[in-house]
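Chemist: If you scroll down you'll find the structure; I have some questions about it.
Laboratory data are not the source of any read-out in this text; all were calculated from the coordinates shown. Predicted model only: the values in this text are computed from it and were never measured. Backbone-built Cβ (ideal geometry, glycine too); neighbour counts: all protein chains shown.
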Amino acid sequence: MDIARFKVTAEQTVIAVLTKSEVDVLRQIMAELRPAVGDPEEVVADGPLMWSDDPVRSRLYPRAYLDPTEEDAENTWQQIVHPSLVRGKMDHHDKMIASLDRVAPAPGRYLYGIPDALEIELSDDEAESWMSAIQDARIFLGFSLNIDEDNPEVRHDDPRAPGFAIYDYLSFLQDDLVTALTDLL
């Protein structure tokens, strides 16, 4: 993908430039990610963390105390902080989905070099939410597909190939958004 998906306007706003297929994929990813994010009312019980065996959730919500002798401190911290972390992630995902609801045809059929381009003007807050939501989706897919340094690519006939393609797409989006936001500085 060599066509940037985020543009900075002369007015210093960020415009997301997508196709209908990309909008559909992003909506689907956010829907699939929702259960992994969890429930803000989920209570961390005394003892091991409820999601300590779930690599996705363990990565989405890293431990504050890595020392295994600090389990009580870790549980206390999780009881205090975890609900707000979940609400924060849900808020970022909701803002991304709400902004996708405002998608509109770009003014000009081949604007940006993308046939039938759609665009969304993002507020600073929404652009930040996109960064967070895309990162969460990359974590979710990365662990779900077992992506690591030993298998950064798959063969086209691998059943995981579509997931890897979406992971690569999300990585491209994240990099492009970082570039756009850096241009604002």
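Chemist: On full extension of the chain, what length is gained from Asp125 through Ala73, given 0.36 nm per residue of separation minus the C-alpha to C-alpha distance?
Modeler: The Asp125-Ala73 span can extend by a further 15.4 nm.
Chemist: Now, a different point. For the Cα atoms of the chain, what angle does the longest principal axis make with the long axis of helix 124-144, in degrees from 0 to 90, nearest 10?
Modeler: Tilt relative to the chain: about 60 degrees.
Chemist: A further question follows. Setting aside same-chain residues fewer than 8 positions from Lys7, which lysines have a Cα under 23 Å from its Cα?
Modeler: Lys20, Lys95
Chemist: Among (1) 42, 35, 33; (2) 60, 42, 27; (3) 54, 39, 30, which is the computed Cα extents along the principal axes in Å?
Modeler: (2)
Chemist: If you place +1 on the Cβ of every Lys and Arg, -1 on the Cβ of every Asp and Glu, and leave all else neutral, what size is the dipole of the chain about its Cα centre, to the nearest 20 Debye?
Modeler: Result for the chain is approximately 680 debye, rounded to the nearest 20.
Chemist: Set Lys and Arg Cβ to +1 and Asp and Glu Cβ to -1, take the dipole of the chain about its Cα centre, and tell me which of Met131, Ile120, Pro62 lies farthest positive.
Modeler: My answer, from the dipole projection, is Ile120.
Chemist: With the crude spin-label approximation of a point 7 Å out along Cα→Cβ, what separation in nm comes out for Ser21 versus Ser58?
Modeler: In this crude label model, Ser21 to Ser58 measures out at 3.7 nm.
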